[in-house]
Structure formats: C-alpha cells, structure tokens
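S.K.: Sharing a structure here in structure tokens format.
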Amino acid sequence: MKIFRKSLLLIVVSLGLLSPLLSASVGKAVQQKEVVPLSPTPVQEEAGFYITQYLLQNHYRKVAFNDSLSQQIFRRYIDNLDEGRSYFLAGDVDNLNKQYGNRIDDDLLSGKPAAGFKIYNLFLKRAKEKAAFLSAAVDTVNFNFTVPDSIDVDRKHDLWPSDSSQLVELWRKDLKYQWLNLKYSGEAKKSIRGLLAKSFASRQKLLNRIKAEDAFQAYMYAVTTSFDPHTNYFSPDEYANFQIDMSRSLEGIGARLQTEGEYTVVNEVIPGGPAFRNSRLKKGDKIIGVGQGNAAEIVDVTAWRINDVVKLIRGKKGTVVRLKILPANQRGSVPVVIVRLVRDKVDLKEQAAKKRIIQESGKKIGVITIPSFYLDFEGQQQNTVNYNSTSRDVLKILKELNAEGVDGIVLDLRNNGGGSLEEAVKVTGLFIPGGPVVQISNARGATSVLNDADIKAEFSGPLAVLVNRYSASASEIVAAAIQDYGRGAIIGERTFGKGTVQSIIRITRPISLSATPIDLGEIKLTIAKFYRISGGSTQHKGVEPDFIMPSMIDTATIGEDTYTSSLPFSTIEPAIYQPLAVLTQDDIGVLRQKELERLSKNLLYQTYLQDLKTIDRIRKKRGVSLQDTAFKSSIDAIKKIEKQWLQDSAKESLKDLLLLESAGVVADMAKLPQGK
C-alpha cells in the first residue's frame, strides 16, 4: 500500500494538484488548453429574471427574496454540484460563500445569474482536474484489494475536505470503488482497467463540451427547488422532451427523467411501459450508463445533458437498451445494476386496473390493482364510447366481483404515483355513499372541497387499501379518504407524502416589451396543497397505515420527507362529512391481534422480516468495504434477498407475500360480528 501511495503521489504532483491544487501547470499527458469561462447569454439573463418573478408571485410558498433565501440557494447549488464532496475544498466553499452567498437574491431580482456561473466555472475546473487524475491513475496503479479499506459513498452530510491531500485520498478510494463496481456488476467482460480508462477519457471530452446552457440549468434547478422539490424550470429543448414523455407516443423505456447534479435520475416510471413491466427501475434511481443491444459497450453518461441521455435511451420498438443504474433503494451499499429493457410504446391496456381473486381463510377476496389514475381527457370531452378511465374500469371490475360473490376487496395502490385527481375522487366514491373526498388550498389561501356526487356505493363490504412508499399524490388522497371515513383499513407502510399540486406555465416576454416572441422555456410551479377531509395534509407525512407491513423499499431515501425543501405538514379546518365507522378503532385493535397471531406462525413472513433486517443493516453501514471479499459478501447477501422477494410483474406465478397477508386481514374483517 505504501508503494501505491507513493506512485499515486507522483501522479498527483505531475498533474499540478498539490502545489498548488489549482495549478495551471499540469503534466504533458493531461495538458489542457486555457478555457474561456462560461457566462450567461442575454436570453438566459432574461429567463432568469422572469423565473424569479413567477416564483415570487405564483408559488404556493410565499418566500421573501432576502439573504436567508440567498444562503439556501447557495448551499443547495453547492450540494447539487458536489454531493459527494469530491470537488470543492472547505476553503473553496467559504470563499464562494463570502463572495456570493448573500448576493444571489439581489442578482436574481435584477436578472443577473452571474454568481451561478462563477461557482459553476470553479466546479467545472475541479471536475476536469479529477477526471484527468483518474484517467492518469487508472493506467498506472495496481490495487491491493486484500487490505482493510473503506469508502463512505453517501457523503452529502460530511465535511468538505480541508486540503488537497484529503481530496486526493477521496479520489483514490473512488477509483478503487469504481473498479470493484465493474468487477461485480457483470459488465466487465473486457479489461476493467481498459473500461475505466475509456470512461474517464469520455468524461474529459464531455467536460470540454460543457456549454452555458448546462450552467444555467444547474443554477436554475437550485433556485427553483429551494422553493420546493417539485418546482422546476424547463429549457425549450427540455420541455419538448417533457411533452413527448407526457404524450407517451415515442418508443422508449416508459420513464420520465430529470437532472439532479451530475446525474440523470428517474422521476417517474410510467405504468404500461417497458420499465414498469420489468419492475426493476424505480423512482430515484440514477442512470450512469447506457448500452445499445445485448452486447454493445455501455457508455458512461454521468454529467451528460439530459437531452443527450434521452436520445441514447430512445430507439425503435423491439430493440434492446441496457441501463447502468445506481439504485436509490440501497444508499450505494451495492454496486451498479444493469437493467435490460426492450423498447416499446406505453401500452394503455397494461396501465388499466386489473382484478384477481384470492382464497384466504375460507373467504373469497377480490384484488383490484390500479397502477395509476388515468383518464383520456380528450375522449371524455368528446364523449367517446369506452374512453380510458380508471373509475369506469374499476366500476366494471366491482360489478364482476360482486357477481362472483367476493367477501371483501383489497385495493392495491402500491407503486401508484398518482395521476388524475378527478379519477381518484370518483374511485373513492365507488366505496362511499357520497360526500367530500379531498380539500385543496391554493396560493391565495382559498380552500375548495372536491365531492363524490354519487350517493350510491358500488361496494360496501370489507375493504383494505394496500400502499407502500411509492404510493403518492392521488393514491394518498384515496387512502386518506377511506381511512377518514372509517370505510376500510390501510395496510403497508407510510406513503410518499406528496400533497402538492403543480401547474406548467410558459415563460413569455410581455408584449409591451417586444413584438417579437421569444421562447424562454417553461416553469413547473407548485400552486396548491392537498388536505384530508379531516383537516391534515397528506404533504410530507403521507398516510400512516393501520396495519404496518414493511417492503424492501428504503424509506430513508425515498419519500417527500427526504427532500430538504419540501413543504411542511399543516392542518386546516375539517370538511363537513359524516364518518361511516364501518371499521372502528376497536375493530382495528381486534384485527391487529389476529394479524399478529397469524404472522407469528407464518415461517415465510418471519424469514422475510429477517431478510429485511439484514438488508437494512447493510444499508446503514457508514462505509462500504473496499476489501474484495467483504465487498462481494455484501453484494451476494443483497442479491440473494432481492431475488427471493422483489416482485417481477411479468411473472404472475410469483407469490406476493404482502398481498396475501393483506387478503388475510380482509378475510378477518369479513368474520367480524354485526356484518363489519
């Protein structure tokens, strides 16, 4: 190891990184031309000015543009650019803060995003130095993977390196971690050294092609998400891609992506698409590589523009694309995962609600799975026969289940990220005899109530709603209303906690200023907040289940409460409604006892809980071992657990333990006295 450190030190000195760290004199092998610093264009300055005005005037959260907000934006921007604390030094951050930390608000109000560009230019310079270092080091070093060593892969709360030696040590460990990642990802059919060298060379070329637009997008992302995590700015090109995703008309993987720092992140998996059918790609996963077909080399897309990443992922129907991802679910405790997908259009039939019947404890339990709350708005407006609608499909299913004489129903809303609010209200109405379903508070403080106008409940028997951490927005509205009415039980784990409403607004220059229209992009603004009929918001806290059944989802990394800028939980006056009390708290107490007794005898469920403890223990480790045997041991443990328990929606024969247990709770509900 001492020999390695000595050789590494020579490499660092040759790059001019130690004396001083930012020396303009670097080794001949990585000599870089003098680069003209990036600066904002007049159009970007104008767009920045209007973005600021829209945030001030129309966002739900009323925030004063002052030094406090300026500091928030500064910290968020620095964290986004360097989440792994591997570019900036502590002294850099302090100096940047002194120069720009308290002036960002004033600059934005006057349409001057110059501070963001100054910070980005330093980040870009450091990123090039790191890439040059890694590129040179990978050609020369020989790692010893038998000695104890570790890396903290989640450093966003760590201190910044105090000097260049600490920074270089981080780079050394990062290189070693990437080496092991390749070794155990199943990708390294060629030389690991060669693959890494090619990746680092590609990174250098990419960094040399960074444009002003990249700096502006990164800066505006920090500005908008300082108001809340769902407020974003789209450049004209980005919005064009967003519209294509919304129309779901182009062959691809069926996922909506966004940029966060250096990474392209999965923002939504669209029901009915290839990623949804595969089930391995999840919200929050970071895409760091894209490969074409079954054998082509995977291209490193870290720090790529999102438009370029999207172009690589899209392709002809029936062709294969391979994604290299960092799973959001594992906190970096496992290596990258390769997900193979066959490109296709989103299949609306696969998006539709489905039914099945489970025999449980002598009872016939119907299961209705709703992947999203969908609505063909155009078909509805034109009164098209059989237009796509969640509530229409669920109504049809309920009639079929009633005809088959089911004793109860499980409404499966796991992984349902929301959709049409109107459909969520109508679906809730199928289980209650009319009344309010959700309250909405807008930016002016006015509150409206959305009601189920139909006084007839299509199903009045035992009911449970199965949710998980990915159940969000419209799903939470349904679950909350069923719970508030006492109509049924909520089973699973606390939901995502997204209780806000967004609207997309085109940024336009006032006609009085110019007769020439100019495309300044779009801004997605949070304009309202959902509240339960009992008065509490679903925002931030989500919906707490009556019966807790944990999933493999890492709740410490997934959910609204994991965002530092999410709007807080709050309350308003309850709506006027009459609880049904079909299921009382006393009933829930009785059912919990029955559930505990049943689960204590279920050896499969006990094994499941033990595997959850194992995977959670691995997730919570402060560092990841860089010792080969320990690294492989953790990987093998997680892969074994995931293979046994993670549901693949393409395999209908695979038993769904949590669904079966939920059916057991509903069967117990059907046995309660007095028809409860």
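Throughout, read-outs are computed from the coordinates displayed, never taken from laboratory work. None of the values given here were measured: they were computed from a predicted structure. Cβ placement follows ideal geometry from the backbone for every residue including glycine, while neighbour counts extend to all protein chains displayed.
S.K.: Take the cross-link list 286/317; 125/311; 283/498 and give me the ones stretching past 21 Å between alpha-carbons.
M.R.: Violating the 21 Å limit, Cα to Cα: 286/317; 125/311.
S.K.: On to the next question. For residue 597 and residue 354, what is the calculated FRET efficiency with R₀ set at 25 Å and r taken between the beta-carbons, to the nearest 0.05?
M.R.: The computed FRET efficiency comes out at 0.20.
S.K.: How much length is gained on full extension from residue 114 to residue 237, taking 0.36 nm per residue of separation minus their Cα-Cα distance?
M.R.: Stretched out fully, the residue 114 to residue 237 stretch lengthens by 42.1 nm.
S.K.: Simple spin-label model, 7 Å along Cα-to-Cβ: residue 63 to residue 621 in nm?
M.R.: Reported label-point gap for residue 63 and residue 621 is 3.7 nm.
S.K.: State the Cα centre-to-centre distance between segment 52-117 and segment 449-492 in whole Å.
M.R.: About 41 Å separates the Cα centre of segment 52-117 from the one of segment 449-492.
S.K.: Provide the FRET efficiency to the nearest 0.05 for the residue 442-residue 508 pair, computing r from the beta carbons and using R0 = 25 Å.
M.R.: Working from the Cβ atoms, E equals 0.70.
S.K.: Let me ask something additional. Filter 316/643; 355/396; 363/399; 62/118 down to the pairs with a C-alpha to C-alpha distance above 22 Å, please.
M.R.: Too far apart for the 22 Å limit: 316/643; 62/118.
S.K.: Let me ask something else about it. Fewest Cβ neighbours within 10 Å first, please rank 561, 519 accordingly.
M.R.: Final ranking by Cβ density, sparse to dense: 519, 561.
S.K.: Return one number: the angle in degrees, 0 to 90 and rounded to the nearest 10, between the long axis of the Cα atoms of helix 164-185 and the longest principal axis of the Cα atoms of the chain.
M.R.: So the inclination is approximately 50 degrees.
S.K.: Here's a follow-up. Could you go through segment 406-416 in sequence order and give the Karplus-derived ³J(HN,Hα) for each residue, using 6.51 cos²θ - 1.76 cosθ + 1.60 with θ = phi - 60°, rounded to whole Hz, and x for Gly and Pro?
M.R.: Computed from phi, the couplings for segment 406-416 are 5, 8, x, 9, 10, 9, 8, 10, 5, 6, 8 Hz.
S.K.: May I pose another question? Among DSSP beta bridges lying fully in the chain, give the percent that are antiparallel, nearest 5.
M.R.: In the chain, approximately 75 percent of DSSP beta bridges are antiparallel ones.
S.K.: Based only on other Cβ atoms within 10 Å, what is the fewest-to-most ordering of 374, 219?
M.R.: 374, 219
S.K.: For residue 636 and residue 320 in the same chain, what is the full-extension length gain: residue separation times 0.36 nm, less their Cα-Cα distance, in nm?
M.R.: 111.1 nm
S.K.: Taking 7 Å along the Cα-to-C-beta vector as the label spot, tell me the residue 381-residue 53 distance in nanometres, rounded to one decimal.
M.R.: Taking the two extended label points, one gets 2.8 nm.
S.K.: Also, quick follow-up: With a sphere of radius 13 Å drawn around the Cβ of residue 429, what net charge do the other residues whose Cβ falls strictly inside it have (Lys, Arg +1; Asp, Glu -1)?
M.R.: -1
S.K.: Name the residue from 631, 145, 448 whose Cα lies farthest towards the positive end of the charge dipole of the chain, charges +1 on Cβ of Lys and Arg and -1 on Cβ of Asp and Glu.
M.R.: Of 631, 145, 448, it is 145.
S.K.: Would you indicate which of (1) 40; (2) 55; (3) 45 is the value of percent of Cα pairs over 36 Å apart derived from the coordinates of this structure?
M.R.: Checked against the structure: label (3).
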